[in-house]
Amino acid sequence: MYKRRIRAAALAAAMLFLAGCEDNSTSVEEAAVGQAEVSEADNGDSPSPGIVGGTAETSDVPEYSNGSTGRKSIKPPTDEGKLSILVSTASAVNYEAAAELFESLGGTAELTYCAENNLYDSITSSALADKPVDIASFDNGLMYPYAVSQSMLEPIEKAVDLNSQRWYYAIPSANMFKLSGWHYVLPFSTYSARALYYYSDMIVSVTGIDPADYVASGEWTTAKLDEIIDIWHSKGGDKALAGDWGTPMYLRSGSTVVTYDEETAGFSNNSFDPKIAKEANRLYKYKADGRVVDAGFMNVTDALDHGALFYSAGYEEAKRKSMRPQLSAVPIPTDDGSQSVYYAKIDGAVLVKGIKNNDSARCFFECASTVSALPQGELGESFLPPYSAKAVYPYGLGIAPKLSSDSKKPDDGFPHAAVPLMYSAPYYTGVWDQVCIHFTEPITSELSALNNRLRAEIAKNDAEK
């Protein structure tokens, strides 16, 4: 099983560093002058230094992926061995290597690629063109639970024995996508979806503090983040938080706007949870105090080169360190510094409704589990929470907009697809309780429609046992 590497740092050394911070600090304007010029070659095409796919060598099997079993234990498919697989270009799983291994076992895999946000539509269009997809990479969004409600996905159990030792490591993450005993997503690896990127030289020269030192000493808390932001603004900085910061920062509460209840076999509105309100109102205050960058940026270097202090983004941005050696990253902070809760990123796959060669899917999934990789390298560590940390997944992102796309918008102009808007609500000034009250009716309506469809789908699966 994977165990996070812990960067050792002496607390005394960290305190000595902080003690000398104030006298050596500069203003934001002075620090900006010292920054390197923006590279014209910064086009995002450089290879990632972290996530890499394996090859068809047994020695390359990541130890976290399937325990004591590996490629030599994968049995060939017992059916036709043919699969059509739709892959997101954002997937960190090396599907080419998985297909190569699958084919060495007698199977045939046809890989088709699309953008992550087009997975759902691509599955639909392929079915209409009589070229159905058998397996698709998981899109960390609309695929769950909406696609289940639309009778688009088969339970993973139709192809895989999740009680086997091979999948022991995946069960905690798979259980986040469990409906009445059925699992609809098979995770190959799970890690933090977001971290805070920054330029180490810029932040140290202005604030005298490197957040990485707080991480090393176990003191990286929300209060320390606020301290750095306050110093930044006192030295003339007019921007602080940029990127996708709202959702990951309030998910550290451990609660989600929408939650699933096994007893009722349905999703319910959890937006009034006091833990969510605490985080959301803190983020509203960031906005009101001018701590949030309104402008959109293309990527992390675009944001930081234009003066943002922190940029919240996924591991894919780590590749830009080859162009900006000063690029650093730290986890999203928590109140107590424990990093005990995190917004989960899932590298996994789903089984598409109508698949005929289920044992081929079993074989391919086992192949794919050996070529999945967690973030690696210096920046990758910020995406690897402690093994005991709680993964939290924002189900609301997969409940609309398509579920209610045929519904009319309310008179005030808010889209009826309320749940996704709730997740981005902290970007706007306001009070969370007022937002919750405003969206109670549309959320109730959306969840009612979703739950009715999910229960009908689950009943079908139960009948086919």
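For residue 341, the residues whose amide H sits under 5 Å from its own are 390, ignoring neighbours fewer than 5 places away on the same chain, with H placed 1.01 Å from N.
Which FRET efficiency, nearest 0.05, do residue 268 and residue 103 yield, Cβ-Cβ r, R0 56 Å? Let's see the in-between values first.
On the way: r = 45 Å, r/R0 = 0.80.
Efficiency, rounded to the nearest 0.05: 0.80.
On the stretch 159-270, 46 percent of the accessible area sits on carbon and sulfur atoms, based on a 1.4 Å probe.
Charge dipole (Cα centre; +1 on Lys/Arg Cβ, -1 on Asp/Glu Cβ; no other charges) of the stretch 193-337 amounts to roughly 340 debye. Ordering 145, 111, 172 by Cα displacement along the dipole of the stretch 108-172 toward the positive end leaves 172 in first place; charges were set at the Cβ atoms of Lys, Arg (+1) and Asp, Glu (-1). Between residue 127 and residue 460, the contour length at 0.36 nm per residue exceeds the Cα-Cα span by 117.8 nm.
Taking a quarter of the surface of the Cα convex hull of the stretch 156-246, what do you get in nm²? Before the final figure, lay out each step's value.
Working: hull surface 35.6 nm².
Over every viewing direction, the Cα hull of the stretch 156-246 projects on average to 8.9 nm².
Once the Cα-Cα distance is subtracted from the 0.36 nm per residue extended length, the residue 259 to residue 288 segment shows a gain of 7.6 nm.
With the cut-off at 1.5 for a/c, could you classify the stretch 135-191 from its C-alpha gyration tensor as rounded, prolate or oblate? Present the calculation step by step, with values, prior to reporting the outcome.
Numbers: a/c = 1.84, a/b = 1.40, b/c = 1.31.
Prolate shape, in that a/c is at least 1.5 and a/b is the bigger ratio.
Taking Cβ atoms as reference points and 12 Å as the exclusive limit, the residues near residue 78 contribute a net charge of -1, counting Lys and Arg as +1 and Asp and Glu as -1. DSSP beta bridges confined to the stretch 229-385 are antiparallel in about 50 percent of cases.
What does the extension gain come out to for residue 110 and residue 175, with contour length at 0.36 nm per residue minus their alpha carbon separation?
On the way: separation 65, 0.36 × 65 = 23.40 nm, distance 2.90 nm.
Length gained, residue 110 through residue 175: 20.5 nm.
The values are calculated or read from the model by the stated rules, or taken from the named source; none is laboratory data. Not measured: the values here are computed from a predicted model. Positions of Cβ are backbone-derived with ideal geometry, glycine not excepted, and every protein chain shown enters the neighbour counts. Just so you know, the surface numbers come from the protein's heavy atoms only, side chains and all, with ligands and any DNA or RNA stripped out. Shrake-Rupley method; radii C 1.70, N 1.55, O 1.52, S 1.80 Å.
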